[in-house]
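Note sheet for the following structure.
Please treat every number below as a calculation from the coordinates, not as lab data. Remember, predicted model here, so these are calculated numbers, not experimental data. Glycine gets a Cβ as well: all are built from the backbone with ideal geometry, and neighbour counts include every protein chain shown.
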Amino acid sequence: MSKKYTKIINGHIITPYRTIKNGELLIADGKVEAVSNGEIAVPGAEIIDAKGAYVSPGFIDIHVHGGGGADFMDDDARAFLKVAETHARFGTTAMLPTVLTSTKSEIIRSLAVYEQAAATHVAGARFLGVHIEGPYFSMEQRGAQDPRYIRDPDPAEYLDILNSSSSIKRWSVAPERDGAIPFGDVLRERGILPSIAHTDALYSDVIQAFEHGYSLATHLYSAMSGVTRRNAFRYGGVVESAYLIDEMDVEIIADGRHLPVELLQLVYKIKGPDRIALITDAMRAAAMPEGPSTLGSLTDGIAVLVEDSVAKLPDRSAFAGSTATTDRLVRTLVEEAGIPLVDAVRMMTATPARILGADRIIGTLVAGKAADIVIFDEHINIKMTMVKGEVVYLNDKDSSMIIHKKEVAS
């Protein structure tokens, strides 16, 4: 069977460390075949004219709860598909669906629904597995996590959850909880990424956790300890630990709300783009009108209020989730924080792919990797999103980018 070729022309192609001006990119059967700063002659290729826009690896969101009015805890496979289709409109080509603190049975049920959705998934961003956020958290740093279900890691519980599904790729935990350290060992043995979240840990706790596999700080600064006093003495918290441990990765909600510009610049200055993953942490209200919404499942979730482009607790005492999309994260870093586009894109593509161990197949535009691609203008407005070489979103204003007439030999 002959290969199906698609060629993207007239695009500024973002590679891991540079941008190729007016380059060409060739796709063959869903994978990147070649990237060039000159013409790639391929008779029979369908042509996509980027018209001077940027051609980037697809955006990878390793922490997302929902969007488009749906949530991954809605106990409905259609909700998963709705979220995948919604975020693809904003450049996301791969995502790690995240489930919240809840009962053991509800977590297991959500995993089963994920697997049902993954088996029927045909459009939108691809699924990379499941991230479990909770329930083993600090009560003091719970944020909008439901306090009814917060508890210590218990092997009798978490082994049942782990044995129920092979789709778990990441689990966020407060490392100071009793049982969290041996739990990290269990996760690491199973090839699951333990990450530090919703925690009041001290530097000594974090160092121990890091030695037992906790190599990622979940949404840095949000719901975690900084410098604190205990018995009059100051101690470094999780934030300082993440800076001091060079090998620790961090993720940030770069929506311009959860962290001000100066903190975005500080994280970038200290950790650098190879250790930072941008995440939306989006809940169901992403890409929806502002107003009342629900964090978590519609039947047992927490009421929130969406205003000022962020979700808040009803009393406005704290944020309760994000309504960001991945294009907004990149735009905020570039236009508000002054971070170079190549670095902002790397934090949205190559770095999260490496953190999840998926960098052999996605994350950069190099020959042999999947043709997960997003095309956007200078303001990070999404024109087209492709997953495995297939167009899953095309802005109506940019329909002329696709030249249906195939390239023919001269």
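For Glu378 and Asp154, the FRET efficiency from 1/(1 + (r/R0)^6), where r spans their Cβ atoms and R0 equals 60 Å, is about 0.70. When the alpha carbon gyration tensor of the range 310-396 is reduced to an equivalent ellipsoid, its three semi-axes come out at 27, 16, 15 angstrom, largest first. Net charge dipole, the range 149-194: roughly 300 debye, given to the nearest 20, about the Cα centre with Cβ charges of +1 for Lys and Arg and -1 for Asp and Glu.
Taking every DSSP helix (H) stretch of at least 4 residues in the chain, weighting each as -39,500 (n - 2.57) and dividing the sum by the residue count yields a mean residue ellipticity at 222 nm of -7000 deg cm²/dmol. Diffusion coefficient of the chain by Stokes-Einstein, Kirkwood radius over Cα pairs, 37 °C, 0.692 mPa s: 152 µm²/s.
Stretching Ile403 away from Ile161 to a fully extended chain increases their span by 82.2 nm, per 0.36 nm per residue minus the current alpha-carbon distance. Arranged from fewest to most other beta-carbon atoms within 10 Å of their beta carbon, His219, His63 become His219, His63.
How large is the translational diffusion coefficient of the range 34-151 in µm² per second when you combine the Kirkwood radius over alpha carbon pairs with Stokes-Einstein at 20 °C and 1.002 mPa s? Estimated diffusion coefficient is 130 µm²/s.
Of Asp71, Asp255, the sequence from fewest to most neighbouring Cβ atoms within 10 angstrom is Asp255, Asp71.
Which lysines, if any, have their Cα less than 25 Å from the Cα of Lys169, not counting same-chain residues under 8 positions apart? Reachable lysines: Lys31, Lys82, Lys104, Lys271, Lys369, Lys388. Give the percent of DSSP beta bridges with both residues in the range 59-356 that are antiparallel, rounded to the nearest 5. Bridges in the range 59-356 are about 40 percent antiparallel.
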